[in-house]
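Chemist: This structure is in structure tokens; I'll ask about it shortly.
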Amino acid sequence: MKKWKKPKLLRSRQDRYILFLFLLITAIHVIAWHSKAFADWYRLYAFPVFTGLPARLSGLFRGSAGEILIGAGICLVILEIVLLPFFLVRRSRLYRYRSWNVRLVCWILIYIYGTETLHCYVLYHAPTIEEQYFHTEETYGAEELAKTYSIVVTKANALAEEVQRSADGTAVYDGTLEQLYQACVLAMRRQGKTYPYLAGYYPNPKPIRASYFMSQQYLLGIYFPFTMEANYNTVMYPVNVPATVCHEYSHLKGIILEDEANFFGFLACIESDDVYLQYSGYLSVLGYLARQVRKSVPEELRKTLPAASGLVQKDDIFLTEEQWEQVEKRAVFSTETVNEATNVFLETNLTMNGISDGIQSYSRVVRLVVKYYGFADVAEDFG
């Protein structure tokens, strides 16, 4: 009787480790899809343990370690394509190393799959802010939306007069970049007293070297789950930085839904003692509120609402015309093509993780801001 032989996949210890990790990560993913209680426990207790070391290690780099890894990954893919024929031809000197090469690629893929799952995908299934801190059965109407918009516009108008400005009128921070980082960290830690998962360690945010390309994607910031970094666009109009950094910091703490990260970026900034952060916070939601007001509030009521001042209109932008000119001069591909590709990627990623409205989910921050101000008590829903 023939003896049972282990499949080739299981003969190597490394192969068994790879298979075990793949199955373990997949099991965690499946459990999270079916249990909000598990996802909530994971975000509050396990996630900080898994992410603390990577965040501290990447914090040793002055620039974005994730950006470096992406560049290295692109180079590796190109190298693999070039060398593939040599790994397949028996007479090639590289043929004997094909098993080693396959294992290297497998370890890299397991790392990507593991960090994306543990630092990102599982978190999509945790309870929402509304489920934990607001009354989800309550909705809001045109009157509540109008009141919230009025508060935000009025606050923004007042703060626009207080922030420091450069010679050309640009709203700039009255301090060093390091002081701005620390102000954002302090603002987020303060929120940790109310929302426990926001407490703890925060690394410095990382400026992106490829910010011109990032601008073509209309991205203010980006969270790298494989290095646990909060990255921001250095080309964008400066007053966007604080709210963007706090938004990305929220992702570092397990707040993966974009509308909730928008909300915590807003909340951390407006409840800060720093005027510049407050202004950034109000501006970060003003556009979302204004679009919803135009869509949902009757014209007669809209006419009674306060208008954004000239300074607020000047500051409530992504890039200035001059910055867009610089972006287009450096562009390798058209901005339209890059932005369209980015939107497809984001839409696919969100819908695959159970966010049915995809990119439109960013605008759900309006609902959270209205509920924050306590006006959610009318039946008609404009959320």
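The values are calculated or read from the model by the stated rules, or taken from the named source; none is laboratory data. This one's a predicted model, so the numbers in the text were calculated from it and none came from an experiment. In this analysis, Cβ positions are derived from the backbone assuming ideal geometry, glycine residues included, and neighbour counts consider all displayed protein chains. Calculation scope for accessible area: heavy atoms of the full protein, side chains included, ligands and nucleic acids excluded. Shrake-Rupley method; radii C 1.70, N 1.55, O 1.52, S 1.80 Å.
Chemist: Using a Förster distance of 45 angstrom, determine the FRET efficiency expected from the C-beta separation of Trp107 and Glu178, and round it to 0.05.
Modeler: 0.80
Chemist: Round to a whole angstrom and tell me the spacing of the C-alpha centers of the range 130-172 and the range 309-339.
Modeler: Cα centres, the range 130-172 to the range 309-339: 23 Å.
Chemist: Quick one: plug the Kirkwood hydrodynamic radius of the range 47-118 (C-alpha pairs) into Stokes-Einstein at 10 °C, 1.306 mPa s, and report D in µm²/s.
Modeler: Working: Rh = 14.5 Å.
So the translational diffusion coefficient is about 110 µm²/s.
Chemist: Taking loop as defined by DSSP and a crowding limit of 13 other beta carbons within 10 Å, which trypsin sites (Lys or Arg not before Pro) in the range 119-201 fit?
Modeler: Working: sites: Lys147, Lys155, Arg165, Arg189, Arg190, Lys193; in loops: Lys193.
Counting only loop positions with at most 13 other Cβ atoms within 10 Å, the trypsin sites (Lys or Arg not before Pro) in the range 119-201 are Lys193.
Chemist: How large, in percent, is the carbon and sulfur part of the accessible surface of the chain at a probe radius of 1.4 Å? Mind showing how you got there, number by number?
Modeler: Working: 12520 of 20640 Å².
Carbon and sulfur: 61 percent of the exposed surface of the chain.
Chemist: Starting from 0.36 nm per residue, how many nanometres of slack lie between Ala46 and Val275 once their C-alpha separation is accounted for? Before the final figure, lay out the partial values.
Modeler: On the way: separation 229, 0.36 × 229 = 82.44 nm, distance 3.51 nm.
Value of the extension gain: 78.9 nm.
Chemist: For the chain, set up a Gaussian network in which alpha carbons nearer than 10 Å are linked by springs, and say which option among Asp274, Asp316, Asp15 fluctuates the most.
Modeler: With Cα springs under 10 Å in the chain, the top fluctuation among Asp274, Asp316, Asp15 is at Asp15.
Chemist: In whole Hz and in residue order, list the ³J(HN,Hα) couplings for the range 329-337 that follow from phi through the Karplus curve 6.51 cos²θ - 1.76 cosθ + 1.60, θ = phi - 60°; x for Gly and Pro.
Modeler: Each residue's phi maps through the Karplus curve to give 5, 8, 5, 8, 10, 5, 4, 4, 5 Hz.
Chemist: Across the Cα atoms of the range 198-346, what radius of gyration and what greatest pairwise Cα-Cα distance (Dmax) are found, in Å?
Modeler: Radius of gyration, then largest Cα-Cα span, for the range 198-346: 16.4, 50 Å.
Chemist: For the chain, what is the accessible area per residue in Å², given a 1.4 Å probe and the full set of protein chains?
Modeler: Working: 20640 Å² over 383 residues.
Averaged over the residues of the chain, the accessible area is 54 Å².
Chemist: While we're on this one: Full-extension gain between Ser92 and Thr26, please, as 0.36 nm times their residue separation minus the C-alpha to C-alpha distance. Don't skip to the end; give the middle numbers.
Modeler: On the way: separation 66, 0.36 × 66 = 23.76 nm, distance 3.68 nm.
Net length gain for the segment: 20.1 nm.
Chemist: Quick check: pseudo-label points 7 Å beyond the Cα along Cα→Cβ at Leu84 and Val332, how many nm apart are they?
Modeler: Distance between the two pseudo-spin positions: 2.0 nm.
Chemist: Follow-up question, since we're still on this one. Taking amide H atoms as placed 1.01 Å from N in the peptide plane, list the residues 5 or more away in sequence, or in a different chain, whose amide H sits under 5 Å from that of Arg165.
Modeler: Val172
Chemist: Which net charge results for the neighbourhood of Pro205, defined as the other residues with beta-carbon distances under 15 angstrom from its beta-carbon, given Lys and Arg at +1 and Asp and Glu at -1?
Modeler: +2
Chemist: For labels at Ile317 and Thr342 in the simple 7 Å Cα→Cβ model, what's the distance in nm?
Modeler: 1.7 nm
Chemist: Can you list the residues, at least 5 places off or on another chain, whose amide H is less than 5 Å from the amide H of Thr139, using H built in the peptide plane?
Modeler: Amide H neighbours of Thr139: Val378.
Chemist: If you wrap a convex hull around the Cα atoms of the range 167-226, how much volume per residue is inside, in Å³?
Modeler: Numbers: hull volume 9.2 nm³, N = 60.
For the range 167-226, the hull spanned by Cα atoms encloses 154 Å³ per residue.
Chemist: Oh, and also: Around Leu267, under 11 Å between beta carbons, what's the net of Lys plus Arg minus Asp minus Glu among the other residues? Intermediate results must be reported in sequence, preceding the final value.
Modeler: Working: positive: Arg190; negative: Glu260, Glu271.
Charge balance in the 11 Å sphere: -1.
Chemist: What per residue convex hull volume, in Å³, comes out for the range 108-236 when only alpha-carbon positions are used?
Modeler: Values: hull volume 24.6 nm³, N = 129.
Normalising the Cα hull of the range 108-236 by residue number yields 191 Å³.
Chemist: Okay, next question. Kirkwood Rh, Cα Rg: Rg to Rh for the range 100-183?
Modeler: Values: Rg = 23.1 Å, Rh = 18.8 Å.
Value, to two decimals: 1.23.
Chemist: Per residue, what volume in Å³ does the convex hull of the Cα atoms of the chain enclose? Don't skip to the answer; put the middle values down first.
Modeler: Numbers: hull volume 68.1 nm³, N = 383.
Hull volume over Cα atoms, normalised by residue count, gives 178 Å³.
Chemist: Where in the range 277-352 are there trypsin sites (Lys or Arg not before Pro) that are in a DSSP coil and have at most 16 other Cβ atoms within 10 angstrom of their Cβ?
Modeler: Filter output for the range 277-352: Lys303.
Chemist: Mind listing the phi-derived Karplus ³J(HN,Hα) values for the range 21-32, rounded to whole Hz, using 6.51, -1.76 and 1.60 with θ = phi - 60°, and x for any glycine or proline?
Modeler: Once rounded to whole Hz, the list reads 5, 4, 5, 5, 4, 5, 4, 4, 4, 5, 4, 4.
Chemist: Let me ask another. Taking amide H atoms as placed 1.01 Å from N in the peptide plane, list the residues 5 or more away in sequence, or in a different chain, whose amide H sits under 5 Å from that of Ala230.
Modeler: So Ala230 has HN proximity to Lys206.
Chemist: Enter the Cα centre distance for the pair the range 64-82 and the range 220-243, rounded to the nearest angstrom.
Modeler: So the two Cα centres are separated by 21 Å.
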